[in-house]
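Below is one structure, written out as structure tokens; comments come after it.
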Amino acid sequence: MALPPELSHDSEFLNYVNVQVALSKVGESLEAYTEGKLRDVHSDVTRVLAPKSLPQCKNNCSEQLRKQFKSWCIACTSWKKELESPGNMRTPAGTQWDKMESWLWPKDFRNIAQVFIQTGWNTANVDLQDLTTVFGIWRRLARVPQTTVTDSDVLRDIRNSIAHATAQRVMRVDDSTKTQTFQEIRNVLSNRDVKPFVADFNAVMGMMASLENASKNDEDDDTNDELLGGVVRLVNRSGWRARPPKEIELLGTPVEVVLIHHSAVGENSTRWSDIAYNFVVGEDGRVYQGRSWDRVGAHTLGWNKVAISICFLGDYTDKLPPDCALEAAQELIKYGVSEGKLAPNYNLYGHCDARAGFESPGRALYALIKTWDHYDSVRPIVKPEPVHVNQP
Ligand SMILES: [Zn+2]
């Protein structure tokens with residue numbers, strides 16, 4: 001077995017991991033702000049239109065009538081007019097009204113997120129924890145102040161440059177980029193308009209500080225590695241300096257579902273949050289312990305309480321993870337079964353099976369896992385968990 005570069009001994013790799021963990025935490029922390037703005041727009045439009053007692057849309061106008069706006073029903077027309085008014089939307093040009101679900105707008109504030117998403121982007125399954133998605137929405141939401149948009153643009157550019165690094169720089173972040181990233185993260189979180197919505201602001205800032213300093217004075221981690229079943233090299237949380245979790249919610253074991261993700265920071269698709277996964281597999285064949293076997297993850301809406309998530313670090317759209325990483329994941333699963341953490345008849349799926357619209361685990365890796373023993377070609381049906389909404 002050819003050994004890939006010893007990534008975990010590389011401080012720039014640790015920078016990368018810590019920056020990604022930080023960005024995913026920022027994504028979580030900003031959700032309440034974005035929701036708050038959308039909720040404001042939604043309740044104002046609802047109030048403005050209330051006197052009209054609009055009938056419910058019966059035509060699914062945006063889908064059936066597309067851009068023939070003149071034929072849209074009075075409800076959809078009125079909502080569209082309010083949503084694109086200057087008080088609500090910056091730069092309405094290019095909005096793909098025909099790609100939306102206009103009949104759902106009146107029902108819930110989350111349904112109008114699609115209206116503000118960056119033009120040209122997929123309006124289905126808008127992920128309000130994905131930073132690039134969210135910052136695109138902020139640009140068009142007139143109620144997000146321009147100064148906030150400007151702060152977010154800087155962070156977004158940094159994030160994109162890390163995501164689109166050249167092959168040699170993949171999964172590496174140098175110290176100055178790391179410093180700059182954390183600086184911009186702090187800027188966005190402490191932005192005057194944003195901060196009141198960040199739950200546990202001080203704890204989040206503390207976490208950022210420890211992530212920023214985590215990869216300094218790096219020593220050899222090998223002593224922290226644990227050999228699972230004699231094969232899987234597990235790097236425990238202290239080994240990669242993850243913060244202790246704040247809240248612990250236990251998974252009911254044995255778990256019957258395994259979900260495979262990849263970490264690709266595809267702009268429009270995947271939210272990277274290894275800390276939210278149960279395990280992360282590096283290109284070096286090591287397994288990084290996220291929430292491990294017994295704790296509920298935060299990887300896949302609707303699935304966190306019933307599935308173990310395994311995330312491969314890297315973008316596996318066009319290539320496969322190294323053999324050692326693939327073997328490590330499979331050994332990890334076997335070990336889970338042998339320890340009674342996974343049901344012997346567990347089903348395995350890709351992230352995209354569980355949440356339509358996601359590209360994770362990447363085309364190439366997805367094709368491969370479909371050949372694995374426990375892959376279940378019948379699309380899973382799980383009762384979604386209620387969506388938790390943070391009130392500011
Ligand atoms: Zn309609």
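Scanning the range 56-63 turns up one or more residues that are surrounded by 21 or more Cβ atoms within 10 Å (Cβ to Cβ), in contact (Cβ under 8 Å) with a residue 40 or more places away in the chain and out of contact with any Asp or Glu (no Cβ under 9 Å at 6 or more places or on another chain). Would you confirm, using the coordinates I've provided, whether T34 is out of contact with any helix residue (DSSP H, G or I) (no Cβ under 6 Å at 6 or more places or on another chain) and either within 16 Å of the ligand (Cβ to nearest atom) or part of a helix (DSSP H, G or I) (or both)? Considered against the rule, which asks whether it is out of contact with any helix residue (DSSP H, G or I) (no Cβ under 6 Å at 6 or more places or on another chain) and either within 16 Å of the ligand (Cβ to nearest atom) or part of a helix (DSSP H, G or I) (or both), T34 comes out as no.
Taking the conditions (1) touching a helix residue (DSSP H, G or I) at 6+ places or on another chain (Cβ under 9 Å); (2) away from the ligand (no atom under 16 Å from the Cβ) in turn, P86 satisfies each one other than (1). Taking the listed residues G94, G87, G136, the one that is buried (at least 22 other Cβ atoms within 10 Å of the Cβ) and either in contact with a Pro (Cβ under 7 Å, 6 or more places away or on another chain) or small (G, A, S) (or both) is G136, with no other qualifying. For the range 118-131, the criterion of being within 16 Å of the ligand (Cβ to nearest atom) and in contact with a helix residue (DSSP H, G or I) (Cβ under 9 Å, 6 or more places away or on another chain) is met by none of the residues. If you go through the range 315-365 and keep only what is of a type in the set (S, T, N, Q) and either free of Cβ contacts under 8 Å to residues at least 40 places away in the same chain or out of contact with any Ser or Thr (no Cβ under 9 Å at 6 or more places or on another chain) (or both), you end up with T317, Q330, S338, N345, N347. Residues in the range 185-230 that are modelled with pLDDT of 90 or more, surrounded by fewer than 19 Cβ atoms within 10 Å (Cβ to Cβ) and polar (S, T, N, Q): N187, S190, N202.
In this structure, is S29 within 30 Å of E212 (Cβ to Cβ) and more than 14 Å from the ligand (Cβ to nearest atom)? Considered against the rule, which asks whether it is within 30 Å of E212 (Cβ to Cβ) and more than 14 Å from the ligand (Cβ to nearest atom), S29 comes out as yes.
Considered as a group, the residues in the range 48-59 that are of a type in the set (A, V, I, L, M, F, W, C) and in a helix (DSSP H, G or I) include one that is nearest to the ligand (Cβ to nearest atom), and that residue is L49. Please work out which one of (1) more than 30 Å from E212 (Cα to Cα); (2) more than 16 Å from the ligand (Cβ to nearest atom); (3) surrounded by fewer than 19 Cβ atoms within 10 Å (Cβ to Cβ) is the condition T77 fails and give its number. So T77 meets the others, but not (2). Could you please let me know if V21 is farther than 30 Å from T179 by Cα, crowded, with 21+ Cβ neighbours inside 10 Å and more than 12 Å from the ligand (Cβ to nearest atom)? In short, no. All conditions in (1) within 14 Å of the ligand (Cβ to nearest atom); (2) out of contact with any Phe, Trp or Tyr (no Cβ under 8 Å at 6 or more places or on another chain); (3) under 17 Å from R139 (Cα atoms) hold for Q64, with the sole exception of (3). Among the criteria (1) more than 16 Å from the ligand (Cβ to nearest atom); (2) under 13 Å from W105 (Cα atoms); (3) hydrophobic (A, V, I, L, M, F, W, C), the one V45 does not fulfil is (1).
The values are calculated or read from the model by the stated rules, or taken from the named source; none is laboratory data. Since the model is a prediction, treat every value here as computed from it, not as a measurement. As a convention, Cβ positions derive from the backbone with ideal geometry for all residues, glycine included, and neighbour counts pool all protein chains shown.
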